[in-house]
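Before any comments, here is the structure.
The values are calculated or read from the model by the stated rules, or taken from the named source; none is laboratory data. Bear in mind the structure is a predicted one, so any value in this text is a computation, not a measurement. Backbone-built Cβ (ideal geometry, glycine too); neighbour counts: all protein chains shown. Surface areas here come from the heavy atoms of the whole protein model, side chains and all, with no ligands, DNA or RNA. Shrake-Rupley method; radii C 1.70, N 1.55, O 1.52, S 1.80 Å.
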Amino acid sequence: MEDNLEYIDDYFQRMLNAEEIRRFEQKIAEDPAFAKEVAFYLAAKQGLKAEAEKEKKERFKQLLSQQAPVVNIDGDRNTRRIWIYRMSAAAAVIIGLFFAWYFLFPGAASSQQMADKYINDNFTDLGITMSSRLDSIQTGLRFYNDGQYDSSLKMFEAVSQRDPQDYLPKKYAGIVCLKIGNYNKALQYFRQFENDDTLYSNPSLFYQAVTLLKRNQTGDKQQAKELLQRVVKGDLDGKEFAEQWLKKL
Amino acid sequence: MNLFNKPTLSTDERDIIDSITQNGAGRKKGEERLFNRYAYFIKEAIYKHSLSEEDAFDLYSDTIISAIEKIASGSFEGRSSLKTWLYSIFHNKYVDLLRKKTTNKNSIHHTLSISDLLLQVSDHSKTIVQKLVDKTDWEILRERLVQVGESCRQMLLLWADGYSDKDIAGLMEYKTSDVVKTSRLRCLEKLKQLYRKT
């Protein structure tokens, strides 16, 4: 039985080759006792992880008790007053900077706002029914809609690794990255299916443009503009938005 | 000096990250430094979001635990400062908490989240295994963990916390990682036997 645990451990430590992985997964489906062993391995690790986290929390609680009290209303009054002055001064500076920026670079704020609006309108919830062929995709979407972006990304990344030809997990992984502000990674995912000509409608270029407008680093706006022009020219996904946005950029 | 080329992480932040990624004896210290450094988030959550002290502590410690896991696995890319990155995790967890409070007010039953490891299993086999995992009696498993003996317990907890066999060998003074692997699997087998006896 210990041998089984070693075999299972090797699988989850990614020490098996492709053929061995295939045989391992087949064994789960065909041998209920083996499936039970695998389930125990996972349950044990999951339970142990929860236990380790519980101990860590206890340690953190002790650390916190060694610090100054978390809530100290009397001591906070003076600090608060100082903060109000500081915040007022900072607000005045920010307003000044905003106006200077707005008049010097018209359109800079609006391009990011356009991207924000698009992301809020289209990527707040993702339709579960978009793909019914993969369990994992559906689970990933459910995680996303529940706001569990880490689990959602892990799920899409795992599907993408297993099936590198499929564009859908890459698209969703890109959307999760965009949503959590990891723009470079989002761009990497969107670029991966840019040349997939098997798709009836390919949103890659448009999503890249949205990401660049949202990131708003030096040169991003120009690059986004070029991508949007390609979307319009190629009659690609997002064409209507691209046409409207190009007028404003 | 070009402001745009300014390094994102301060020396102190880099130090904390290094001690956590090294996964050795310094990791615990690094975890504690990370916790202490931004502990004022708790106060902020109490004032700004009107959370109870307990909820604010849970929110912050969950943030730190999640950050430690990401740093140890190398997923933190250091593209933003540690504070900005931590705050985004903290904020997402706050939104999750609000969502849970509004949608699941009366639920006191907490299930363990899906194991990350299960993500690498193909869909068909995953469904079979997930159903079996769902049948686990977590309370009994926790009780049995005490019975495996302190050394086994410590080793298994380190393993579940993301330490490699090599790291464990260093921390628990074993000669090699192979010896740790054999001992770890023996401990796991012992835990399984104890669990199945019930």
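At a threshold of 50 Å², the residues of segment A:47-69 that become less accessible to a 1.4 Å probe in the full protein assembly than in their chain on its own are A:LEU48, A:LYS49, A:GLU51, A:LYS56, A:LYS57, A:ARG59, A:PHE60, A:LEU63, A:LEU64, A:GLN67.
Pairs of alpha-carbon atoms within less than 8 angstrom and 6+ residues apart define the contacts here; what relative contact order does segment B:114-197 have, in percent?
27 percent.
Please go through the residue pairs A:LYS171/A:LYS247; A:LYS56/B:LYS29; A:LYS170/A:LYS214; A:LYS56/B:LYS43; A:LYS170/B:LYS70 and name each one whose alpha carbons sit more than 23 Å apart in this structure. Listed pairs above 23 Å: A:LYS171/A:LYS247.
In the calculated pair-distance distribution of segment A:199-248, the portion above 13 angstrom amounts to 49 percent of the Cα-Cα pairs.
Within chain B, helices built from complete DSSP H runs that reach 27 Å or longer along their own axis (Cα positions) and carry a mean Kyte-Doolittle hydropathy of -1.0 or higher are B:53-73, B:82-103, B:177-197.
Taking every DSSP helix (H) stretch of at least 4 residues in chain B, weighting each as -39,500 (n - 2.57) and dividing the sum by the residue count yields a mean residue ellipticity at 222 nm of -22000 deg cm²/dmol.
Association of chains A and B removes close to 6300 square angstrom of accessible area from solvent, both sides included, for a probe radius of 1.4 Å.
Residue by residue along B:131-138, Cβ atoms of other protein chains within 10 Å of the local Cβ number 5 on average.
For the protein assembly as shown, the spread of Cα coordinates along the three principal axes comes to 73, 65, 49 Å, biggest extent given first.
Shown here for segment A:1-58: trypsin sites (Lys or Arg not before Pro) in loop regions (DSSP other than H, G, I, E, B) with at most 13 other Cβ atoms within 10 Å, namely A:ARG14.
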